[in-house]
Structure formats: structure tokens, C-alpha cells
Amino acid sequence: MLALVLMTHSITIFPASFLTAVDMHIHLDLFRDGCKPQFDPRNYPKYRNLVACRPNQMSKSLHQAEPERNDLLRSAKRVVIKLGTSTVTGPEGELSLERIAPIVQAIATLQTSRQVVLVSSGAVGLGRGWLGLHPSRLKDMATKQACAAVGQSLLMETYKRLFGAHTVKIAQVLLTEEDFSNWQRYSNLRRTMEKLIGFGVLPIVNENDTVSTAELEAKANGTRFAAFSDNDRLAALVMSGLEADALILLTNVDGLLGAENPLKQKRSGTASRSPVIPFISKVTPELRVLASGPSESGRGGMVTKLEAAEIAMNCGGVAVIANGSRGETLRRIFAGESEGTIFLPSTRMKGKRRWLAYAAGVRGRVVVDAGAQRAVARGKASLLSSGVVRVEKPFGPMDVVSIANVDGEEFARGIANCASETATTTRVLFTRDNIVLMERER
């Protein structure tokens, strides 16, 4: 079987079996845009004679994306920076000052011309290390929460000392799921954060693990029920609430890595280093597969970073996944230099719609017929009680409710006008202004 890629004045042909599903998607998109792929098929002698591409055309899209990245990051005035557990702590749960100190200095420099919010992981790991507990002890929820209580004070003490050396004032902001899933608390949070930023204070955000288990609990079968269950998503929701321009996720890898090169690995006899994907304009199912697999020390992994980046894109902002172990990373990012994987902005969702799509806690679920689905999805109509097939999960007035089709697939969310018990006697269950479509590629 052969795969053909048509380009202006040229045709590229290579065996389809040569590419994984992810490779095929990424490379077809790149070739379609006239851009050089992440690996060059001409490096493979077996297929060298099958390739006929013009180099100047292949590199065009990457060259076009470079100025856009430079402009987006240089002009970003409000920035959310998230530090992962692997950046903040070492293998034994100790504080990694050699990594944190350069980041603190870079953030202090950024604050002279931008507004910065820091989201920091690491409290549980620090607490475990300080208490001298074996990692296996963290399987117990109460132990995790105790470690969080100990580690959070250690983390803030360190940040106060390091930022104080640069005359930067800090504030601790501990959040729970309810601060996002409740619209009133969500609005209050934004006002408080705006006031701190206005005072020139650096807010340092973390999930309140001592009283909340939303982030500490593992996700079941990949399904997320809480507003956030990791600090990557928390950082994206903070960015959304503050309408920030950029989200920077610092971790222990160089970015989102492409698929491994099996032929090169077989030829050399050693594991080949996967290339970093430099630009992403749309998060696809193939990219989600590519990102799958949790990290060893953190609770997130690349999947949650991809989710966070997608939220940032839908906020009309830019996101970057980059390596936090290098002291120059932040400087290079905001200088517009090539660093990590950059996610380019997409259409900006309005504030309340973003909240419904990403932050609100879902309390109920209804299944609607095909006609009601078309009316909501295509006709931009309100949802009437006549279109409801059944109520699968009860809800109260003003609760956020998942709206699914007859196949059980969620396609929208809405704020209910009434409780589920009175749904049959209420004509309009969800008004158009309180419905958001969940546009997800499958």
C-alpha cells in the first residue's frame, strides 16, 4: 500500500506502513501546508527514490509560523506559568533549588514588563521528603493530605525567600474545585486575583490538597469529573478566568515529542530520541494518543498538559510546553526563540461559555432526541422539555447539566432553568444563552 501526498508541482510517495497513525496525521498536515516533516523520509535509504519534494516548499509553513510565535509571546502582557513536580522537586522529594532559582529570577525579570501568575506543584512531594516517608505511603489519602499541609508551608517559605531577593512580593492562593465549579465563587476569585495583580503582587496558586481530594484522586478510566484533577488543568483554568495571553507549562521534557523512528532505532540498535513537535494549531485525537501516559513523579503527564494547552487555545491564548530544567527556558520563550512545543490560538470562547465548557462541575445529565440535538447544535435554539428522552442524573435549578444524544455522547452543556423533577412541566429547560456546544473531535 502506498500513501500519496500531493503538493504544488510535486508528488511525494512513501509506503503507508512506514508511518504510524500519528505520523500519518502529522505529516499529511505538514505536507498539505507545504512544510518539512518532523523526520525526512530521504534519511531512509530503502525509500529514498520514492521521495520528490522541493525543499523550499517543504519549509514554508514553519517559516510562516515563526513570526506568529514571536509576536504572540513578545506581546503577551498577562502570563500564567506552571511548574511541574519534576521541576520543583528532586527524586527523593527534596527541593530542587538549582532548577527553581533560575526560574524565580526569570519570573522577577518578566514582572518588570508583564503581569505574572505562578502555579506551582510539589507540595505533596516536599512534605513526603521532609517527613522521611517512603513513596508507597502516599497511597493513603489522609497521608497525602498531611504531606500537602507540611509541604505547602515549605514551598511558600522557599518562594518568599527567593522572590524576596528580587524585591517581588508574593501571595498564596489555595483553591478547591468549588472555586471553579460555582459561578459566584469563580467570579469572586477573579476579582481577588485582579486586585493582587494590581498591587504588583505575584499570586502563587496551588490546589488546596489539605481539604480537597479532587486533584489527589486518580481519574477513573480517563474520565474527569472534577473541574480540575491536576495542576496543568488548574493553570489553564486560572488563565481562562484571568483572560491571560499565554500559558507556559514547564516540565522535565523538551515539549510534545513526535513518534519514535523505528527504522533508525533498529539500524543503530539503540533507542532514538523522538523529535519535538514545534507547532500545533489543532489538538487532534492522534495527538492525544501520542501524549498518553502519566509521568512518574507528577499526577498529570503529557495528556493533562495537552488538555491544558487546548483550553488555552480556546481562550484565544498561546500555550507552550517546555523543559523547566534549563535556566534559559523562560527567557528564550519570551524572546520568541525556538523552545518547546507552542500551541497557537484558535477562536476565542466567551467567558461564561469557557466556564461551562471547562470549569463548571457537572451535576446532572439528560438525553435528547435527534431533533432536539439538531435544534441545539445547528439551529442555536434553546432546549425544550419536549425534546428530552430521559433524565439520567437528577439536577437542581441553576445546576450545570450534561446534554447527550441518543447514543450517549455528550454534545453540549447547559445551566438548568429548573429541577429535574419539574422538567416535564417546564417548557424551556435550557435557554440558548446558557448552553455551550462541546466541540470535540473523535
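Coordinate-derived values only; no laboratory data. All of these numbers come straight from a predicted model, not from anything done at the bench. Don't worry about glycine lacking a Cβ; one is built from the backbone with ideal geometry, like all the others, and counts go over all protein chains shown.
Per residue, the average separation of C-alpha pairs within less than 8 Å and at least 6 apart gives the stretch 74-216 a relative contact order of 25 percent. Set the bar at 18 Å for Cα to Cα. Now go through Lys352/Lys380; Lys350/Lys380; Lys352/Lys393 and name every pair that lies beyond it. Where the Cα-Cα span goes over 18 Å, the pairs concerned are Lys352/Lys393. For the stretch 328-417, a crude dipole built from +1 on the beta carbon of Lys and Arg and -1 on the beta carbon of Asp and Glu, taken about the Cα centre, is about 400 debye to the nearest 20. Across the stretch 112-118, coupling constants 3J(HN,Hα) worked out from phi with the 6.51/-1.76/1.60 Karplus curve, θ = phi - 60°, read 6, 10, 9, 9, 10, 10, 10 Hz, and Gly and Pro carry x. Taking amide H positions as modeled 1.01 Å from N, with prolines and chain starts lacking one, the residues under 5 Å from Val276 and 5 or more places away or on another chain are Gly258. Working note: Karplus 6.51/-1.76/1.60 with θ = phi - 60° gives the stretch 328-340 the couplings 8, 4, 5, 4, 5, 4, 7, 8, x, 7, 5, 7, x Hz, where Gly and Pro are set to x. Along each principal axis, taking the top coordinate minus the bottom one, the Cα set of the stretch 76-195 gives 42, 37, 20 Å in descending order. Here the Karplus relation 6.51 cos²θ - 1.76 cosθ + 1.60, evaluated at θ = phi - 60°, turns the backbone of the stretch 236-244 into coupling constants of 5, 5, 5, 4, 5, x, 8, 6, 6 Hz, with x for every Gly and Pro.
Other residues with beta-carbon under 12 Å from the beta-carbon of Asn417 carry, at +1 per Lys or Arg and -1 per Asp or Glu, a net charge of 0. The eigenvalues of the Cα gyration tensor, multiplied by 5 and square-rooted, give the stretch 361-437 an equivalent ellipsoid with semi-axes of 16, 13, 12 Å from largest to smallest.
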